[in-house]
Amino acid sequence: MASLVKENIKIALGSIKTQLLRTILTIVIIAIGITALVSILTVVSALENTLSTNFASMGANTFTIRQYELEVRVGNGPRGEREKINPIISYPQATDFISKYNYPFTHASLSFTATSAAEVKYENKKTDPEITVLGVDDYFIPNSALELGQGRNFTGFDIENNNYVCVVGSDFQKGLLKDVNPIGKTLSIRGAKFKVIGILKEKGSTFGNSQDLRVLIPIQLARSLFTQPNINYNLSVMVEKKELLDAAIDQAIVVMRKVRKQNPAEDQNFGIIRSDELINQILSITGVLTFSAWLIGIITIFGSSIALMNIMLVSVTERTREIGIRKALGAKKSTIAFQFFTETIVIGQLGGAVGIILGITIGSIFAAVLDFNFTIPWMAILAAVITSFVVALVSGLYPAIKASKLDPVEALRYE
């Protein structure tokens, strides 16, 4: 059996060489469908990897309290107006929540983005005005699942006494603080001098925005340096024991409703977002993209299978006399069918291989442009191999059967 397969593959390759242009066109047709499928699945895989990495930074047992839920709700009226405008989470409300929320095994954190366009100076050097400054407390780093590469985190003493200390992102070691030990160095932000006490580990970028070009400073100092109206504060709560997460969220809702002075009949005017639910909801969007990829791929591949079947039927017609000679020499129907079937499989797999290479290349280019975390899409490759095999299987079945059923006498008369 192995020798028969080997012989049929040789015959198939020989046939491919004699009909090179037709074979190349067939391979290209198949490759187009596989390329469409693999490239989209590659981008989707990179997107999923990026989203999982970025949103997992919130921590598995963390939930946040914010002004709205994940999406803005739109009314059913003719103007499509927002159903309800929730008030911002003000500083008094945020601090009131933290003082009243005392559920066991939880740590609440308060923070806000002071600016996304700060200029930071060190000695005679300075950055472009692109640094994000965050006002944080001592629980912000662990609640955000951030890790320190060097130095230490803020202490309660630092926050309570408004010490002029800061923790900076890893990119500072590549730029402003390059070739120096950053711990203990003094940075200037809006004229205020901050001593560097810690360096965060690298986090990468989120949709083009670097997470490593940021400075964390005590929240009260941030409020005094960056005064602006209607600041919306962020509250995050980490639960040490996962089994207590649901109960901790229920308690947080009760406390926040009291802080917002809501009566029991009112709908809550704030959002509670669990980190695991956030990841799942975001990743569900990629499911739609995956479905679209398969739909586009299947439509294209369907056209490829029809083209491959027609080309193989033409090949059977052109090689009718050859089939007659082989049958006259004793070749069985199964041998003839297997020969043409093998030829179809070889062409299909060549088309699949070209499609996989092109698809991964195109997908990786899009991933790089969109700043996604590219990973080799093994599932897409497996799907492409299986799909190209199925295409060849379906397309080659009828031509192979037709070739095997040719009458040897009539085939020998064919000119």
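Any read-out appearing in this document is the output of simple, stated calculations on the displayed coordinates, not a laboratory observation. Computed from a predicted structure; not experimentally measured. Ideal geometry is used to build each Cβ from the backbone, glycine not excepted, and the neighbour counts take in all protein chains shown.
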Above-threshold pairs, the threshold being 19 Å between Cα atoms, out of K126/K195; K121/K193; K121/K185; K125/K178; K203/K241; K203/K242: K203/K241; K203/K242
Dipole of region 87-269, positive direction: furthest Cα of S188, V168, N269, with charges on the beta-carbon: S188
Pairwise FRET efficiency - K241 versus V180, Cβ, R0 = 41 Å, nearest 0.05: 0.45
Estimated distance in nm for a label pair at I357 and K333, the labels positioned 7 Å out from Cα along Cα-to-Cβ: 4.0 nm
Gained length - T317 relative to L20, 0.36 nm times residue gap less alpha-carbon distance: 105.2 nm
Mean Cα-pair separation over length for region 87-269, i.e. relative contact order, pairs under 8 Å, 6 or more apart, %: 31 percent
Efficiency of FRET between L370 and Q228 - r from beta-carbon atoms, R0 30 angstrom, step 0.05: 0.45
Per-pair calculated FRET efficiency, R0 = 25 Å: H107 and N269 via Cβ, rounded to 0.05: 0.50
Net lengthening on full extension, F389/L295 (0.36 nm per residue, minus Cα-Cα): 32.1 nm
Under 21 Å from K261, Cα to Cα: lysines that are on another chain or at least 8 residues apart: K84, K100
Pair R152, V28: separation of 7 Å Cα→Cβ label points (nm): 6.8 nm
Cα-based convex hull, region 87-269, per residue volume (Å³, whole number): 135 Å³
Estimated distance in nm for a label pair at L397 and D250, the labels positioned 7 Å out from Cα along Cα-to-Cβ: 5.6 nm
